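Heads up, the thing below is written out as structure tokens.
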């Protein structure tokens, strides 16, 4: 059976022509750690691949998060809230 190393298929956030893209975000995803079940659905759907689970906790790389809100929309436990930048 053919095995595919997905580490080559998944992009990683890095400084590009647009710089650290989180700087122009309008809304920021805030995780309610008590409600989060670490199901990783948000990790799967994040288009910028800035969400990961470290030590059973969800972490978001805010330097590259664009605030699109997809993570909040797909969260099955409603643990991610989009908050206006600067009001968190």
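A short reminder: the numbers here are calculations on the coordinates, not readings from a lab. What you see is a predicted model; the values in this text were computed from it and never measured. Note that we place each Cβ from the backbone using ideal geometry, even for glycine, and neighbour counts take in every protein chain shown.
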Under the 0.36 nm per residue contour assumption, what length would be gained going from the current alpha-carbon distance of residue 59 and residue 82 to full extension?
6.8 nm
Largest first and rounded to whole Å, the semi-axes √(5λ) derived from the alpha carbon gyration tensor of segment 18-84 read 19, 12, 10
Label residue 25 and residue 43 with points 7 Å out from Cα along Cα→Cβ: what is the distance between them in nm?
1.8 nm
